[in-house]
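The values are calculated or read from the model by the stated rules, or taken from the named source; none is laboratory data. These numbers were taken from a predicted model, which means no experiment stands behind them. A quick note on method: Cβ atoms are made from the backbone with ideal geometry, for glycine too, and the neighbour counts reach across all protein chains shown. Areas reflect the complete protein model, heavy atoms only, side chains present, ligands, DNA and RNA absent. Shrake-Rupley method; radii C 1.70, N 1.55, O 1.52, S 1.80 Å.
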Amino acid sequence: MEQMISLKHVFKYFGEFRALNDVSLEVAAGERVVVCGPSGSGKSTMIRCINRLEEHDDGEIWVSGNQLTEDVKKLTEIRKDVGMVFQQFNLFPHLSVVDNLTLAPMKARGLSKSDATELAMTYLNRVHIPEQAAKYPGQLSGGQQQRVAIARSLCMQPKIMLFDEPTSALDPEMIKEVLDVMIELAEDGMTMIVVTHEMGFAKKAANKVVFMDQGEVVESAPTEQFFSQPESDRTKLFLSQILTH
Amino acid sequence: MKNQTSTIVAARTKRRRNSAITDTFQLLILGSGLIWLVLRGAAEMNYVWQWHRVPQYIYKVIDGELIFGPLIDGLLVTLEIGAYSIVLGLVIGLITAFLRLSDSYSGRLLATIYLELVRNTPLLIQLFVFYFVLGPIFEIDRFWVAVLCISFFEGSFAAEIIRGGILSVPKGQVEAGASLGLSRAATYRYITLPQALPIILPPLAGILVNLIKHSAIVSVIAVFDLTTSGLDIISETFMAFEIWITVASMYLVITISLSIVISRFERYMKRSTLAG
Ligand SMILES: Nc1ncnc2c1ncn2[C@@H]1O[C@H](COP(=O)(O)OP(=O)(O)O)[C@@H](O)[C@H]1O
Ligand SMILES: [Mg+2]
């Protein structure tokens, strides 16, 4: 299978602090990988390196056949292929929902307003909130905002979607509506890396689960195996904490 | 939502109107007190008021034709300095703000040196440096020396206001733009600036008022602005009280009108951000 994302011996430092320590990860086209691990273990740093919101210091990162380097022109091109959903949604508060969705297709892909709007409505339908198109982000619930954020990324028709704890900022009753959208996305064959502690989602949608601790990938295994026979003691401890939690 | 907003606005205006009556009353008492003090002081020093001689310095009507007196001429120069300086000051502020936010070390250094110099020396000395040093070197006449000096002075405040506004937009906004594949310029244009602008504009408009006031200092290099005209008239007529009160009132008319326009504009901005 074609490798969509490939991290080879990646290191990342914040000053003296080593946030990523020799991280390697392969994600094939159509594969869904869940990343878990304690807070501060480098999960965000890793997926932010994949669309170069953080620049790695050593090692190689390849995204759909392109190596991530200083080359800025290429970087914007690569980012069009990599959608990202943030914990805090990061919707544009000054734009209506539909304008949030059409901005990048129009300004980065050069679509006409009518084409972009059509695209936006398609994806708002997919996240089940077409009726909110004219509202502003501040008028929506958290769950609705996060679904708009997912739709906004999808409007760029990316090959890969990155999720950084997409449900962590949500009230419990809204988590399911977001996870459902993500599961549908997974069923459609989207390549996904999802940082989350929602193990139910991992069991349902992931091919592979990665456990990180202290900037290292401690364990990486097919979903079934990860939960039934984890190898490392650190993984076992983490799982026991999170599953009884 | 809309209804709710208009109720809030209505409630606010009502409260303001109620207190406006007391405000006016208090102001009247305070104002009459002040006037009484000035009149009594003047009487004690046997000051001879000659208000009837003042209007000719504002305007004259000769053969049915209206001619501006030196005070109005001066006011126009003050406004001219203000108009040029606000534009130039904004440009300087914008460039400085972007330099300070840029990745370029020398750019940031240059901006910081400029800001520290302007902030930490008296405006009067800056004016002298422009007039006696830069003026002769670059052969700039005194009007433009005045404009440049005021622009660089107010530009330093504009720079910090603009920078603060841009920094107030959360980092996640820029990251969201970048992750969607928008260029840096597009992210600035469509995401950062529209959110920074409502924060930047009100204090920036306040700079315009400051600028009009600070521009009085150009009288020391004999630019014929409102203050210089006032000084000249007094040296001929010795009507210090009448002319200074007139000059101050003229500054007041300008700055208060500007403030009213600005607060209207602010309210408009606030309403349009509330509505969306
Ligand atoms: N911009 C930054 N500057 C300094 N340290 C950072 C920065 N971002 C993350 N870190 C540090 O790197 C470590 C990993 O952070 P992060 O990737 O956010 O962890 P996680 O997402 O797993 O909770 C943490 O110790 C954090 O404090
Ligand atoms: Mg994180």
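Might you check whether a residue that is open to solvent by less than 30 Å² (accessible area, probe 1.4 Å), more than 16 Å from ligand 1 (Cβ to nearest atom) and either within 14 Å of another protein chain (Cβ to nearest Cβ) or more than 18 Å from the chain's Cα centre (by Cα) (or both) occurs anywhere in region A:13-20?
So far as region A:13-20 goes, no, none of its residues is open to solvent by less than 30 Å² (accessible area, probe 1.4 Å), more than 16 Å from ligand 1 (Cβ to nearest atom) and either within 14 Å of another protein chain (Cβ to nearest Cβ) or more than 18 Å from the chain's Cα centre (by Cα) (or both).
Got a number for residues in region A:34-52 being open to solvent by 10 Å² or more (accessible area, probe 1.4 Å) and more than 6 Å from ligand 1 (Cβ to nearest atom)?
So the count comes out to 3.
Report yes if some residue within region A:115-127 is free of Cβ contacts under 8 Å to residues at least 24 places away in the same chain, over 19 Å from B:Gly172 (Cα atoms) and within 12 Å of chain B (Cβ to nearest Cβ); otherwise report no.
No - not one qualifying residue is present in region A:115-127.
Considering B:Asp225, B:Asp232, which residue is buried (at least 17 other Cβ atoms within 10 Å of the Cβ) and touching a Ser or Thr at 6+ places or on another chain (Cβ under 6 Å)?
Testing whether each residue is buried (at least 17 other Cβ atoms within 10 Å of the Cβ) and touching a Ser or Thr at 6+ places or on another chain (Cβ under 6 Å) leaves just B:Asp225.
Going residue by residue through region A:80-89, is there one that turns out to be touching a helix residue (DSSP H, G or I) at 6+ places or on another chain (Cβ under 6 Å), open to solvent by 20 Å² or more (accessible area, probe 1.4 Å), within 16 Å of ligand 2 (Cβ to nearest atom) and among the polar types (S, T, N, Q)?
Yes, that holds for at least one residue.
Just to be sure before I move on: is A:Leu101 within 24 Å of A:Val195 (Cβ to Cβ) and free of Cβ contacts under 8 Å to residues at least 60 places away in the same chain in the structure I sent?
It is true that A:Leu101 is within 24 Å of A:Val195 (Cβ to Cβ) and free of Cβ contacts under 8 Å to residues at least 60 places away in the same chain.
From the list B:Glu175, B:Glu80, B:Glu139, B:Glu116, exactly one residue is assigned by TED's automatic domain parsing to the domain that holds B:Leu204 and at positive phi. Which is it?
B:Glu139
Exactly one condition in (1) more than 14 Å from chain A (Cβ to nearest Cβ); (2) out of contact with any helix residue (DSSP H, G or I) (no Cβ under 6 Å at 6 or more places or on another chain) is not met by B:Ser229; state its number.
(2)
Considering A:Glu198, A:Glu184, which residue is within 16 Å of the chain's Cα centre (by Cα), open to solvent by less than 70 Å² (accessible area, probe 1.4 Å), away from chain B (no Cβ under 14 Å) and over 24 Å from A:Ser41 (Cα atoms)?
Testing whether each residue is within 16 Å of the chain's Cα centre (by Cα), open to solvent by less than 70 Å² (accessible area, probe 1.4 Å), away from chain B (no Cβ under 14 Å) and over 24 Å from A:Ser41 (Cα atoms) leaves just A:Glu184.
Yes/no per residue for (1) modelled with pLDDT under 95; (2) not in a loop (DSSP other than H, G, I, E, B):
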{"site": "A:His9", "(1), (2)": "no, yes"}
{"site": "A:Val33", "(1), (2)": "no, yes"}
{"site": "A:Thr45", "(1), (2)": "no, yes"}
{"site": "A:Cys49", "(1), (2)": "no, yes"}
{"site": "A:Thr69", "(1), (2)": "yes, no"}
{"site": "A:Lys73", "(1), (2)": "yes, yes"}
{"site": "A:Ile78", "(1), (2)": "yes, yes"}
{"site": "A:Phe92", "(1), (2)": "no, no"}
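Would you mention how many residues in region A:72-91 are more than 8 Å from chain B (Cβ to nearest Cβ) and free of Cβ contacts under 8 Å to residues at least 12 places away in the same chain?
3
Find all pairs meeting these conditions: Cβ atoms under 7 angstrom apart; at least six residues apart or on different chains; first residue within region B:228-240 and within 13 Å of B:Val77 (Cβ to Cβ); second residue open to solvent by 10 Å² or more (accessible area, probe 1.4 Å) and charged (D, E, K, R).
Taking only residues 6 or more apart or on different chains, the pairs are B:Ser229/B:Asp73.
With respect to A:Phe226, determine if the residue is under 22 Å from A:Leu179 (Cα atoms) and touching a Gly at 6+ places or on another chain (Cβ under 6 Å).
no
Of everything in region B:129-176 that's under 13 Å from B:Val220 (Cα atoms) and free of Cβ contacts under 8 Å to residues at least 40 places away in the same chain, which residue is surrounded by the fewest Cβ atoms within 10 Å (Cβ to Cβ)?
Ranking the candidates gives B:Phe132 first.
Check B:Gly64, B:Gly69, B:Gly41 and return the single one that is of a type in the set (Gly, Ala, Ser) and closer than 28 Å to B:Asp141 by Cβ.
B:Gly69 is the lone residue from the list that is of a type in the set (Gly, Ala, Ser) and closer than 28 Å to B:Asp141 by Cβ.
Would you be able to say whether some residue in region A:104-111 is in contact with a helix residue (DSSP H, G or I) (Cβ under 6 Å, 6 or more places away or on another chain), farther than 25 Å from B:Lys171 by Cα and either at the interface with another protein chain (Cβ under 9 Å from one of its Cβ atoms) or among the hydrophobic types (A, V, I, L, M, F, W, C) (or both)?
Within region A:104-111 (the criterion being in contact with a helix residue (DSSP H, G or I) (Cβ under 6 Å, 6 or more places away or on another chain), farther than 25 Å from B:Lys171 by Cα and either at the interface with another protein chain (Cβ under 9 Å from one of its Cβ atoms) or among the hydrophobic types (A, V, I, L, M, F, W, C) (or both)), the answer is yes, since at least one residue qualifies.
Mind telling me which of the residues A:Gly59, A:Gly110 ends up being in a loop (DSSP other than H, G, I, E, B) and surrounded by fewer than 21 Cβ atoms within 10 Å (Cβ to Cβ)?
The match here is A:Gly110.
For the structure I just gave you, tell me whether A:Gln139 is open to solvent by 60 Å² or more (accessible area, probe 1.4 Å) and in contact with a strand residue (DSSP E or B) (Cβ under 8 Å, 6 or more places away or on another chain).
Spelling it out, it is not the case that A:Gln139 is open to solvent by 60 Å² or more (accessible area, probe 1.4 Å) and in contact with a strand residue (DSSP E or B) (Cβ under 8 Å, 6 or more places away or on another chain).
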